[in-house]
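Asks: Input: one structure, supplied below.
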Amino acid sequence: MASNPAFAAWVKRCVQPHRVPGYRAVTLSLKPHGKAPGDITSEQMHVVADLADAYSFGELRSSHEQNLILADVQLSDLFAVWEKARAAGLATPNIGLLTDIICCPGGDFCSLANAKSIPIAEAIQMQFDNLDYLYEIGDLELNISGCMNACGHHHVGHIGILGVDKDGSEWYQVTIGGKQGNDASIGTVIGPSFSAEEMPGVVKRLIEVYVRERHDEERFIDTVRRLGVAPFKAHVYAEKETA
Amino acid sequence: MYKYDPIDQQIVNERVAQYRDQTRRYLAGELTDDEYRPLRLQNGLYIQRHAPMLRIAVPYGLMSSKQLRKLADIAKRYDRGYGHFSTRQNLQLNWPKLEDTPDILAELATVEMHAIQTSGNCIRNITTDQFAGIAPDEIIDPRAIAEIMRQWSTFHPEFALLPRKFKIAVSGTEKDRAIVQAHDIGLEFYKDAQGQMAIKVWVGGGLGRTPILGTVIREHLEWQHVLSYCEAVIRVYNIHGRRDNIYKARIKILVKALGIDEFRRQVDEEWAHLKDGPLTITQNELDRVAKYFEPMP
Ligand code: SF4
């Protein structure tokens, strides 16, 4: 594994613990950068079905994070699974990272939408299309909904993005500090909404504050909980005014 | 994973035949848009911005390779060669043709799948942790109870027209990867002091326009009573939930309006009639269903 950094990176992000020794769960990422989160082609579905048959007792699971999981893979099969998944574009090593975005279909498909969500997800993924930087940022959940129905669970995203309609055009309201889990919380709105073009820059500035302020090993959500929204807000909107 | 018995298969097949006839009558102009709308919605078919959208149920996110291959073939043959996994673990097809949907549902039925109750104001697909049954931090595997609840909620006659949609999530871990606190009912499974499987019941959580995390309505529910208890909760909601304002129709608004203590009192009153009745889950039934979820390795 040491001799294959790409495989090592995948194991670190996409392989999850299993209660039976010698087994692991594998998360197949449906979040390659620049594609609609959660989308999968017929060809990829066949690859996943074949992987499930060969390595995971013929079963698989979908997650609310919009990825697929092979739940019962033997340790010794991980390399083979990785090679096949990678060839099919299902091994982006970004599970739990900023680009593992939860995203509803939004204005591209949904009649209820106030704004598009998929292009925002894609633009953010392209802004952060650097795995080393993503690893440095670490665990971060970014969730996008195209309207307040919240199918994209934006309220519980560490960073949440909500499409809003202002006089017939598409704007985005940003929250931070939301979290899923047994210590769940609803995010706080940082201020006035942004245009689509501004969104990748807004996320970039939120991350800048985090990288500047974080303590050792502190996750984004914990930094937000410790500091509150003020420093994030200040940086995002200060840049906006001078821009 | 769970396998349909002949009764499961029969009701799904009958539903396909019924829907085929409804769609035929609609296309022949015998049913109006308004008449057809609830019928198609009961079968997961929305009319979206550009095209219909069909939402296929993946109960608690568990699929076989055979089912996934069928989904792949359906997407290829009837759609544009791809599908979209939603945040409720279901699969959505974005471009099916309305006239093809009866055939799609017939194909799905051959692999024990359907699109029933994936939309409309009913109990929706029950969601759970994607690592159920294998996670080292899991205390109870909730899938057997989730399956029993799926059977109870499917075609539940009393809850076919609730004030609004109703979402249930189950989880048996300390961390909770199923966002149980953001659901109309969240069931958190744990082992009680006697070492028995018990459930902490959250109610009135939800995101949407008024995001609210759930409140614990019952700290300790014996698993045998989970159906009767949920039935009592949903019955109180069905009677008193608001139908005059879609934005105030979810159970979370009712729970806030009444206060959790009053809501609990009404649920307990209702539950008194239901508890220990036919909805009680026996050890035999739990064991029978749990066999489908035995550990793989
Ligand atoms: S959040 Fe709104 S835009 Fe997105 S899928 Fe749900 S209803 Fe549609």
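The values are calculated or read from the model by the stated rules, or taken from the named source; none is laboratory data. Small disclaimer: the values here were computed from a predicted structure and weren't measured. Note: ideal-geometry Cβ built from the backbone for every residue, glycine included; neighbour counts use all protein chains shown. The accessibility values were calculated without ligands, DNA or RNA, using every heavy atom of the protein model including side chains. Shrake-Rupley method; radii C 1.70, N 1.55, O 1.52, S 1.80 Å.
Asks: Compute the distribution of all C-alpha to C-alpha distances in chain A, in bins of 10 Å from 0, and list the percent of pairs in each, rounded to whole numbers.
Replies: For chain A, the binned pair fractions read 8, 31, 33, 20, 7, 1 percent.
Asks: Also, quick follow-up: Per residue, how many Å² of accessible area does the protein assembly as shown show with a 1.4 Å probe?
Replies: 40 Å²
Asks: Calculate the spin-label point distance for B:THR210 paired with B:ALA193, positioning each point 7 Å from the Cα along the beta-carbon direction, and give it in nanometres.
Replies: Label-label distance for B:ALA193 and B:THR210, simple model: 3.7 nm.
Asks: Using protein heavy atoms only (no ligands, DNA or RNA), what is the total accessible area buried between A and B, 1.4 Å probe, nearest 100 Å²?
Replies: Buried area (both sides, nearest 100 Å²): 5000 Å².
Asks: Given Cα pairs under 8 Å that are at least 6 residues apart, what percent is the relative contact order of chain A?
Replies: The value is 14 percent.
Asks: For the protein assembly as shown, state the average projected area of the convex hull of the C-alpha atoms over all orientations, rounded to one decimal in nm².
Replies: Averaged projected hull area, Cα only: 25.4 nm².
Asks: Ok, one more. Classify the stretch A:1-67 as rounded, prolate or oblate from the Cα gyration tensor: take a ≥ b ≥ c as the square roots of its eigenvalues, call it rounded if a/c is under 1.5, otherwise prolate when a/b beats b/c and oblate if not.
Replies: It is oblate, given that a/c is not under 1.5 and a/b is not larger than b/c.
Asks: So, R0 is 22 Å and r is the distance between the beta-carbons of B:ALA28 and B:ARG80; what FRET efficiency does that work out to, to 0.05?
Replies: Efficiency computed from Cβ-Cβ geometry: 0.20.
Asks: Right, another one. Under the Cβ-under-4.7 Å rule, which cysteines of the protein assembly as shown stay unpaired?
Replies: A:CYS14, A:CYS103, A:CYS110, A:CYS147, B:CYS122, B:CYS230
Asks: Next up: What is the stretch B:152-242 by shape, rounded, prolate or oblate, if you read a ≥ b ≥ c off the alpha carbon gyration tensor as root eigenvalues and call it rounded for a/c under 1.5, prolate for a/b larger than b/c, and oblate otherwise?
Replies: oblate
Asks: With bins 5 Å wide starting at 0, give me the P(r) of the stretch B:6-109 over every alpha carbon pair, in whole percents.
Replies: P(r) for the stretch B:6-109, in whole percents per bin: 2, 12, 22, 26, 20, 12, 5, 1.
Asks: Using only Cα atoms, locate the centre of the stretch A:10-43 and the centre of the stretch A:176-233, then give the distance between them in Å, rounded to an integer.
Replies: Taking the Cα centre of the stretch A:176-233 as reference, the centre of the stretch A:10-43 is 25 Å away.
Asks: For the stretch B:119-126, take each phi angle, set θ = phi - 60°, evaluate the Karplus expression 6.51 cos²θ - 1.76 cosθ + 1.60, and give the result in whole Hz per residue in order, putting x for glycine and proline.
Replies: Here the 3J(HN,Hα) series is 8, x, 8, 9, 6, 8, 3, 7 Hz.
Asks: Can you give me the distance in nm between label points at A:GLU213 and B:GLU35, each placed 7 Å from the Cα along the Cα-to-Cβ direction?
Replies: It is 6.1 nm.
Asks: Further question on the same structure: Expressed as an acute angle from 0 to 90° and rounded to the nearest 10, what is the orientation of the C-alpha long axis of helix B:65-78 relative to the principal long axis of chain B?
Replies: Long axis of B:65-78 versus the principal axis of chain B: about 40 degrees.
Asks: Distance between Cα centroids, the stretch B:248-297 to the stretch B:116-195: provide it in whole Å.
Replies: Their Cα centres are 10 Å away from one another.
Asks: Charges on Cβ only, +1 for Lys and Arg, -1 for Asp and Glu, centred on the Cα centroid of chain B; of B:LEU91, B:TYR237, B:TYR46, which one is farthest towards the dipole's positive end?
Replies: Value computed over the given set: B:TYR46.
Asks: So how far apart, in nm, are the two label points at B:HIS273 and A:ALA230 if each is 7 Å from Cα heading toward Cβ?
Replies: Each label point lies 7 Å from its Cα, and together they span 5.5 nm.
Asks: Which loop GluC sites (Glu not before Pro) in the stretch B:108-217, with loop taken from DSSP, have no more than 13 other Cβ atoms within 10 angstrom of their Cβ?
Replies: The qualifying sites are B:GLU174.
Asks: For the pairs A:LYS179/A:LYS204; B:LYS165/B:LYS252; B:LYS167/B:LYS291; B:LYS76/B:LYS97, flag any whose C-alpha to C-alpha distance is greater than 18 Å.
Replies: With Cα atoms farther than 18 Å apart: A:LYS179/A:LYS204; B:LYS167/B:LYS291.
Asks: Positive end of the charge dipole of chain B (Lys, Arg +1 and Asp, Glu -1 on Cβ, about the Cα centre): tell me which of B:GLN151, B:ILE11, B:ALA57 has its Cα farthest that way.
Replies: B:ALA57
Asks: Right, here's the next one. Need one word for the stretch B:104-261: rounded, prolate or oblate. Basis is the Cα gyration tensor (sqrt eigenvalues a ≥ b ≥ c); a/c below 1.5 gives rounded, then a/b vs b/c decides.
Replies: Cα axes put the stretch B:104-261 in the oblate bin.
Asks: What are the residues of the stretch B:111-130 that lose 50 Å² or more of accessible area, with a 1.4 Å probe, going from their chain alone to all protein chains?
Replies: Listed in order, they are B:GLN130.
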